[in-house]
Amino acid sequence: MTPPSTRRPVVDLTDEEARRALLLKWGTVPGDVIPAWVAEMDYALDPVVHEALRRAVGDGVTGYPVFGYTAELGEAYAGFARRHYGSRVEPEWVHPVVDVTAGVRVALDVLSDDGPVVFLVPGYSPQLDVAELTGRKRVDVVVHPDAARAEVDLDQLESLFANGARTLLLTQPHNPWGRVFSRDELAGIRDVVVRYGARVVSDEIHAPLVLPGAAHTSYLDLEGTHDHAVALVAASKAFNTAGLRCAQLLVPDPEARRLLEGQPMARNDSWSPLGVVAAVAAFSDGDPWLASLVERLDQLRTLLGELLSEHLPAVRMRPLEATYLAWLDARAHGHDDPAAVALERGRVKLGPGHDYAPGLTGHVRLNIATSPERLTEIVRRLATAWG
Ligand SMILES: Cc1ncc(COP(=O)(O)O)c(C=O)c1O
């Protein structure tokens, strides 16, 4: 734990700065719209990451990255995982990939059978299409909107494997459920997977963003998982560096590593050397900033709860145990597409629920990683828009 006295503060971007910095989130909406959709934060870079990048650009680090094992990156992530999760990661497990979703594709293409891929729905929208892009069918474990708690239904999971599914694409911590799965829940999932000789690809991109009250357990930290599982991690969600293009595929099984390393180069050669620089800086020296970020997000989650009770008491929010992405059930307001109404009448851009669960009505995803003032204004505008 980083003591408060040594922390580096989170600095809010002004609207003008955010428009210049966050091309997708802010740059694609009209000037009167507050963007609270894509998973980027309205904060300045951690100065340590900024300085590492400035130095690398100054040195002309703009050529190809090292293709294959990069000791600095492997060691930096192994240290981060040990400090934050108590995980034992060997540096040689760490394979750079361009981004998490590309890493999921590589893992499916190279390591999984051709059978269907189980996906948790609602789920991170671009990954709804990943199974099909690899020539596989997607089959869903669905959390019903009225479920008291968002959990993986082990009976549903079992029946999908019994019917031929071969891989589970697990997201944990989960976006948009906001859940951090407990070790017991993960063990239950593992037991079903092992019974069917299936594989797991565990997307753990949100692990650095676990909020006070919960703790992240990597799927790879469970006994009996190394022979059938890989995990995807990245500094990009927690340090706002998605555009620098580098995530990490963790492969504990030596045979799986050999298979990956024997692939044609064009299968996985698109990460950037600046992404490596940013990831190494964040994993090695980012703790004092990350501690401030988690504290800020914890405050924002409390503020959101208070704002909803005051202005939108009929809206239900799934408890936010991790991530800065709140999942809101606004069905009580009677709009099929509350995100469209929020944009048109409230000038707030949210993630529509049906992007995460095809056919779902009445839900939105709200990105809270902004200033308290903007979050307050967002909820005030939603209350007016949804009436
Ligand atoms: C669960 C999950 N996986 C992956 C990503 C995207 O990662 P990348 O841009 O590295 O593919 C996100 C982005 O928000 C996400 O929520």
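Determine the share of the chain's accessible area contributed by carbon and sulfur atoms, expressed in whole percent, with a 1.4 angstrom probe. Could you put the intermediate results ahead of the total?
Details: 8190 of 15820 Å².
Accessible surface attributable to carbon and sulfur in the chain totals 52 percent.
In a Gaussian network model over the chain where Cα atoms closer than 10 Å are linked, find which of L23, L328, L312 has the largest mean-square fluctuation.
Its mean-square fluctuation being the largest, the pick is L23.
Taking 8 Å as the Cα distance limit and 6 or more residues as the minimum spacing, I'd like the relative contact order of the chain as a percentage.
Values: 734 pairs, mean separation 87.8, N = 387.
Across the chain, relative contact order equals 23 percent.
Report the percentage of all Cα-Cα pairs in the stretch 63-285 whose separation exceeds 32 Å, rounded to a whole percent. If you can, show how the numbers build up before the last one.
Working: 3034 of 24753 pairs.
Beyond 32 Å sits 12 percent of the P(r) for the stretch 63-285.
Using 7 Å Cα-to-Cβ label points, what is the S5/Y69 separation (nm, one decimal)?
It works out to 4.2 nm between the two label points.
Taking amide H atoms as placed 1.01 Å from N in the peptide plane, list the residues 5 or more away in sequence, or in a different chain, whose amide H sits under 5 Å from that of I34.
V348, K349
Just need the relative contact order of the stretch 63-285 here, percent rounded to a whole number, with Cα pairs under 8 Å and 6+ apart. Write down the numbers at each step before the final one.
Details: 406 pairs, mean separation 59.6, N = 223.
About 27 percent, as a whole number.
Between T62 and D15, how many nm apart are label points set 7 Å from Cα along the C-beta direction?
Using points 7 Å along Cα→Cβ, the separation is 3.4 nm.
Using just the Cα positions, wrap the chain in a convex hull and report its mean projected area in square nanometres, one decimal place. Mind showing how you got there, number by number?
Numbers: hull surface 73.0 nm².
Hull-based average projected area comes out at 18.3 nm².
GNM, the chain, Cα, under 10 Å: largest mean-square fluctuation among A52, A282, A322?
Maximum among the listed residues: A52.
At 7 Å along Cα-to-Cβ for each site, give me the label-to-label distance between A215 and L24 in nm.
3.3 nm
Pull up all non-local amide H partners of T167: gap of 5 or more, or a different chain, and H-to-H distance under 5 Å with H placed in the peptide plane.
V118, R199
Looking at the stretch 101-202, what % of its DSSP beta bridges pair antiparallel, to the nearest 5?
Values: 0 of 12 bridges.
Restricted to the stretch 101-202, the bridges split so that about 0 percent are antiparallel.
Which value, in Å², gives the accessible area per residue of the stretch 172-286 when a 1.4 Å probe is used on the protein heavy atoms? Walk me through the intermediate numbers first.
Numbers: 3820 Å² over 115 residues.
Result: 33 Å² per residue.
Under 5 Å between amide H atoms, partner at least 5 residues away or on a different chain: which partners does A322 have, H built in plane at 1.01 Å?
For A322, whose amide H was placed from the backbone, the distant partners under 5 Å are L211.
Hey, can you list the DSSP H helices of the chain whose Cα span along the axis is 15 Å or longer and whose average Kyte-Doolittle score is at least 0.0? Mind showing how you got there, number by number?
On the way: long enough: 47-58 (16 Å, 0.19); 71-85 (20 Å, -0.59); 100-111 (16 Å, 1.58); 183-195 (18 Å, -0.13); 273-285 (18 Å, 1.55); 287-311 (35 Å, -0.08); 372-386 (21 Å, -0.30).
Answer set is 47-58, 100-111, 273-285.
Per residue of the chain, what 222 nm ellipticity follows from adding -39500 (n - 2.57) for every DSSP H run with n ≥ 4, rounded to the nearest 500? Please list the in-between numbers first.
Numbers: 14 runs with 145 residues, N = 387.
Calculated at 222 nm, the ellipticity per residue is -11000 deg cm²/dmol.
Which one of T370, T171, T302 has the biggest mean-square fluctuation once the chain is modelled by GNM with Cα springs under 10 Å?
Fluctuation is largest for T302.
Percent antiparallel among DSSP beta bridges with both residues in the chain, to the nearest 5? It would help to have the intermediate numbers written out before the result.
Numbers: 18 of 37 bridges.
Around 50 percent antiparallel, to the nearest 5.
The values are calculated or read from the model by the stated rules, or taken from the named source; none is laboratory data. Being a predicted model, the structure only gives us computed values, none of them experimental. All Cβ positions, glycine included, derive from the backbone under ideal geometry; neighbour counts span all protein chains shown. Each accessible area value is taken on the protein alone, full model and side chains, heavy atoms only, with ligands, DNA and RNA left out. Shrake-Rupley method; radii C 1.70, N 1.55, O 1.52, S 1.80 Å.
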